[in-house]
Amino acid sequence: YGHNTHASVAHTYKIESKAAVPGRYMDITGNKATAYGFIAAAEKAGLKLFLGSYPITPATDVLHELSKHKSLGVMTVQCEDEISGCATAIGASFAGALAVTSTSGPGVCLKSEAMNLAVITELPLVVLDVQRGGPSTGLPTKSEQTDLLQALFGRNGESPMPVIAATSPTNCFDAAYMASKIALEHMTPVVLLTDGYVANGSGAWKLPKLAEYPAINPPYAPAEMKDNYTPYRRNPETGVRYWAIPGQEGYMHILGGLEKDSNTGAISTDPENHNLMCHLRAEKVAKIPVPDVEVQGCAEDADLLIVGFGGTYGHLYSAMEELIKNGKKVALAHFSYLNPLPKNTEAVLKRYKKVVVAEQNLGQFAAYLRMKIDNFTPYQYNEVKGQPFVVAELVEAFTNILNQ
């Protein structure tokens with residue numbers, strides 16, 4: 001047990017919360033918080049929740065948890081393989097449910113063809129990827145951030161999908177809720193990234209008041225489209241297509257994996273139409289409104305900006321605090337919304353003398369930021385050990401960058 005948990009000392013620590021906010025709390029794991037976030041989003045949207053899944057470490061607990069809640073209108077199907085887990089969810093989405101499929105990195109590889117089907121049909125779907133060590137079977141019980149580029153680009157064709165990353169076990173609830181909101185309101189599949197560390201970790205979670213969460217309003221086809229509905233007519237401001245649920249009289253239509261005419265919805269091989277549809281799908285995702293990235297620490301005059309995403313937040317924040325205690329001027333910009341990036345991303349990253357992107361891979365987020373931002377050349381801190389960052393090592397590395 002000690003070897004497998006990498007425990008070096010047999011002490012128990014109790015870490016008190018910095019600020020106790022009055023309310024009802026429960027101890028919750030990231031996977032359970034994710035499951036609850038999906039349930040809350042379905043309730044807010046007035047829809048049933050459907051999960052099509054195939055067991056895989058470390059994502060299986062989400063299937064286990066959701067299967068307990070049939071009384072809340074939750075439907076779970078344990079499928080024979082990963083692609084059928086995703087395909088059944090797409091069918092449930094076509095039928096009008098909030099559809100989710102859950103997996104880890106190897107499962108995303110197998111689901112990619114079905115994920116593309118959700119892209120071209122423009123159906124709402126949340127793909128939960130609880131990242132683990134790879135490649136291949138890799139390190140099933142360990143934690144990495146190595147699926148980012150797969151989530152962003154790992155499909156054939158121009159296949160844009162929003163990508164969100166949870167930052168802590170308790171944040172998994174909000175991340176799952178917002179991923180569901182984006183999927184339903186913008187008629188798109190969404191990738192939600194957590195990781196083994198976040199999913200199996202736990203925290204004191206303040207029970208939320210659902211009334212305080214933003215509304216979820218799917219873009220249902222309006223009454224004036226009855227008997228004149230085609231599936232790719234769009235809201236001119238958002239670029240989102242209108243959603244007609246099968247069985248609605250006057251809204252008969254066909255969806256499928258072949259490219260469709262933007263006006264009629266009929267199968268089309270016209271090159272100009274395909275070019276248009278690729279642009280429309282990309283623009284729809286690019287227009288999705290996401291919050292600005294927040295800068296913490298010495299936001300006004302930092303000599304070094306630390307940049308990260310997802311489940312490394314606690315370690316990077318602690319490293320920033322240690323550096324500030326040591327008299328250094330350091331700030332942290334931690335990203336939850338990865339596609340589209342927050343509108344203030346470039347302004348934030350170019351405000352500081354030095355920027356270091358720290359991630360548990362070989363530089364995927366840094367490469368993505370260089371792709372999106374001209375003349376951006378950050379320092380990088382990369383580890384792929386299947387283990388969380390060690391704060392003392394971060395502090396040493398960031399101090400060396402400051403001293404260069």
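The values are calculated or read from the model by the stated rules, or taken from the named source; none is laboratory data. The shown structure was predicted, so the numbers you read here are calculated from the model rather than taken from an experiment. Using ideal geometry, Cβ is built from the backbone for each residue, glycine included, and neighbour counts are taken over all protein chains shown.
The table that follows gives values for the structure above.
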| item | result |
| --- | --- |
| Filtered residues of region 295-350 (kept if of a type in the set (D, E, K, R) and within 17 Å of Ile164 (Cβ to Cβ)) | Lys343 |
| Residue check, Ser168 crowded, with 24+ Cβ neighbours inside 10 Å, under 26 Å from Gly386 (Cβ atoms) and modelled with pLDDT of 95 or more | no |
| Qualifying residue in region 368-375 (condition: part of a helix (DSSP H, G or I) and in contact (Cβ under 8 Å) with a residue 40 or more places away in the chain) | yes |
| Evaluation of Tyr368 against (1) more than 30 Å from Arg281 (Cβ to Cβ); (2) within 21 Å of the chain's Cα centre (by Cα) (one fails), failing number | (1) |
| Residue check for Ala347: modelled with pLDDT of 95 or more, within 18 Å of Ala299 (Cβ to Cβ), surrounded by fewer than 16 Cβ atoms within 10 Å (Cβ to Cβ) and hydrophobic (A, V, I, L, M, F, W, C) | yes |
| Qualifying positions in region 289-334 - under 25 Å from the mean Cα position of the chain (by Cα) and either part of a loop (DSSP other than H, G, I, E, B) or of a type in the set (Phe, Trp, Tyr) (or both) | Pro289, Val290, Pro291, Asp292, Val293, Glu294, Phe309, Tyr313, Tyr317 |
| Scope region 300-334; condition touching a Ser or Thr at 6+ places or on another chain (Cβ under 8 Å) and aliphatic (A, V, I, L, M); matching residues | Leu323 |
| Unmet requirement for Thr230, which otherwise passes all of (1) surrounded by 19 or more Cβ atoms within 10 Å (Cβ to Cβ); (2) in contact (Cβ under 8 Å) with a residue 60 or more places away in the chain; (3) on the phi < 0 side of the Ramachandran plot | (2) |
| Which listed residue, of Gly247, Gly239, Gly256, is in a loop (DSSP other than H, G, I, E, B), free of Cβ contacts under 8 Å to residues at least 40 places away in the same chain and over 30 Å from Val21 (Cα atoms) | Gly247 |
| Scan of region 121-151 for residues that are out of contact with any strand residue (DSSP E or B) (no Cβ under 6 Å at 6 or more places or on another chain) and assigned to a helix (DSSP H, G or I), ordered by number | Thr121, Leu148, Leu149, Gln150 |
| Residues satisfying the stated conditions in region 58-83, i.e. among the acidic types (Asp, Glu) and loosely packed, with under 15 Cβ neighbours inside 10 Å | Glu80, Asp81 |
